[in-house]
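One structure is given here, and the rest of the page talks about it.
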Amino acid sequence: MREVAIIGVGCTRFTELWETSFRDLFVEAGLSAIEDAGVEGETIDALYIGNMSAGRFIEQEHLASLIADYAGLASINTPSTRVEAACASGGLALRQAVLAVASGHHNIVIAGGGEKMTDVGTGDATDVLSAAADREWEGIMGATFPGLYAMIARLHMHRYHTTSEQLAQVAVKNHYNATMNPRAQYQREITVENVLTSPIVADPLHLLDCSPITDGAAAVILAPGEIARKYTDTPVYIKATAQASSTISLHDRRDITTLDATVAAARRAFEMAGVTPDEIDIAEVHDCFTIAEILAIEDIGFFKKGEGGRATEEGLTAIGGKIPVNTSGGLKACGHPVGATGIKQAVEVTEQLRGEAGKRQVDGAEIGLTQNVGGSGGTAIIHILQR
Amino acid sequence: MTVPRFWRKLKHRYNLLGTHCTTCETYYYPPRKICPKCRRRGEIEPHRFKGEGKLLTYTIIQNPPEKITAHAPYVLGIVELDEGPRLTSQIICSPEEAEIGMRVRSVFRKIGEESAEGMIYYGTKFVKL
Ligand SMILES: [Zn+2]
């Protein structure tokens, strides 16, 4: 397998973009990545498009052709593939693109991800998202996504004495990081009290424990490592790509408070990259709910099981802490356009490793990790990036 | 969910009918055609569960899914049946009564209804023992 590098990144504003269509979002992200890499359209060998549910959000399927077309690549018949793994669709699109370059089959490949969520009402959006769980044995029984993560949170609190305040600290940290990210949906600070006094969605989770509904798209350009410097002075190398599955239903997991898919993907990724969790300088993890960030930092191996809440409270995951997590603001405050998230994580880590993250820059960051989760943990994708 | 899709597993929903792998002595609900532990070596037979178990974790749903017009708030939990398998189900009790580890028993109840099509879903819920 060949080494693969990211030579260009692009990302739209993440927010409610009423005036921008799905195809326009993708083209905007793709074009800025292409400009960043300085590649010509004709040199792009393939596109991989991460998207969860355009069929239900905008009643559009066949995104592969649509995006190739509006990116101006249908005229030269560039192959294009849509990739779906619920909220991990973006991460999976990146992985497919990495494998295509690593195998030697393609050279320059674009991996994009995007979701246009605000063309439907909030109730419909919630229902579309619940399709990431088992419709026949969770959804129909009355489960919602906040409900599933709330059941994880309740058991984590029961077993490990994690507190609502510690969960709230995840939101407070990520909102603070987002104040330094011009792309973020919420660029304002919040307090623990704000979180705890926001309406309860699914006990013990409050409204401000949940990520929002967002429009947005992101893209990265990949090239073989040996020619990456032809395009950029600051290539970021993909040292590991790993993927793992677990049961689609939360109730069938070996342990309700562990995402075994994350554990397995992390183990494979660290082995492939030849590094340990202690060597990671920054991480973008899948905080669709505050409890999900606690699970992530434990299951990846940054902290022992049960200690994620305390670590967050002690500031170990803040910028300047032991392992800065979600410098972009995460899904929580940067926003969560489902299919875009996995790619946006790679954009953020790339900018950090290049030293281009502005006010939220983590000094001297050399190795970064992204963790993207589908559903309540049925799929996990982990990438390790190094400058 | 469409009517045929719900009907297909009706007897399993109404009677807590799942499967049992006689090779590894593991019980499954909902039914599975392949035992995840034994895969091709598994011998699968139908099994009707007694319907008693304990509450592993729970939440209180304030905003029910639009298609299920259950009376919110309601308690949603993961129940571990005494035979081993777990399922997600509504628990008929007040939010204050719910407790991790509490013994529960299955009952046949209306789960919800789709306002648009007027379809009513029946199936298993749990009550405190
Ligand atoms: Zn078996």
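Can you tell me which residues in the stretch B:2-21 are surrounded by 14 or more Cβ atoms within 10 Å (Cβ to Cβ) and on the phi < 0 side of the Ramachandran plot?
B:PHE6, B:LYS9, B:HIS12, B:ARG13, B:ASN15, B:LEU17, B:GLY18, B:THR19, B:HIS20, B:CYS21
Between A:GLU84, A:GLU40, A:GLU16, A:GLU28, which is farther than 26 Å from A:GLN371 by Cα and open to solvent by 60 Å² or more (accessible area, probe 1.4 Å)?
It is A:GLU40.
Give the stretch A:243-278 a look and list any residue that's in a loop (DSSP other than H, G, I, E, B) and either more than 14 Å from chain B (Cβ to nearest Cβ) or on the phi > 0 side of the Ramachandran plot (or both), or say none.
A:LEU259, A:GLY274, A:VAL275, A:THR276
Do you know which of the residues in the stretch B:75-95 that are farther than 30 Å from B:GLU25 by Cα and within 11 Å of another protein chain (Cβ to nearest Cβ) is least open to solvent (accessible area, probe 1.4 Å)?
Restricting to residues being farther than 30 Å from B:GLU25 by Cα and within 11 Å of another protein chain (Cβ to nearest Cβ), the top hit is B:VAL75.
Can you tell me how many residues within the stretch A:139-171 are of a type in the set (Val, Ile, Thr), more than 7 Å from chain B (Cβ to nearest Cβ) and either touching a helix residue (DSSP H, G or I) at 6+ places or on another chain (Cβ under 6 Å) or closer than 30 Å to B:GLY123 by Cα (or both)?
Qualifying residue count, the stretch A:139-171: 3.
When you look at B:GLY18, is it within 14 Å of the ligand (Cβ to nearest atom) and either free of Cβ contacts under 8 Å to residues at least 24 places away in the same chain or β-branched (Val, Ile, Thr) (or both), yes or no?
When the stated conditions are applied, B:GLY18 does not pass them.
Among the residues of the stretch A:125-138, write down those that are part of a loop (DSSP other than H, G, I, E, B) and either surrounded by fewer than 22 Cβ atoms within 10 Å (Cβ to Cβ) or within 7 Å of chain B (Cβ to nearest Cβ) (or both).
Here is the first cut: in the stretch A:125-138, the residues part of a loop (DSSP other than H, G, I, E, B) are A:131-138.
Answer for the stretch A:125-138, where residues must be part of a loop (DSSP other than H, G, I, E, B) and either surrounded by fewer than 22 Cβ atoms within 10 Å (Cβ to Cβ) or within 7 Å of chain B (Cβ to nearest Cβ) (or both): A:ALA131, A:ARG135, A:GLU136, A:TRP137, A:GLU138.
Yes/no matrix, rows are residues, columns are (1) part of a helix (DSSP H, G or I); (2) touching a Gly at 6+ places or on another chain (Cβ under 7 Å); (3) at pLDDT 95 or above:
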| position | (1), (2), (3) |
| --- | --- |
| A:THR327 | no, no, yes |
| A:ALA333 | yes, no, yes |
| A:ALA340 | yes, yes, yes |
| A:GLU351 | yes, no, yes |
| A:ASP363 | no, no, yes |
| A:ASN372 | no, yes, yes |
| A:SER376 | no, no, yes |
| A:ALA380 | no, no, yes |
| A:LEU385 | no, yes, yes |
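For A:ALA283, indicate whether it is in a helix (DSSP H, G or I) and in the same structural domain as A:GLN166 (by TED's automatic domain parsing).
Values: in a helix (DSSP H, G or I): no; in the same structural domain as A:GLN166 (by TED's automatic domain parsing): yes.
So A:ALA283 does not fit the description; no.
The values are calculated or read from the model by the stated rules, or taken from the named source; none is laboratory data. As the structure is a prediction and not an experimental result, all values here were calculated from the model. Neighbour counts are summed over all protein chains in view; Cβ atoms, including those assigned to glycine, are modelled from backbone coordinates with ideal geometry. The accessibility values were calculated without ligands, DNA or RNA, using every heavy atom of the protein model including side chains. Shrake-Rupley method; radii C 1.70, N 1.55, O 1.52, S 1.80 Å.
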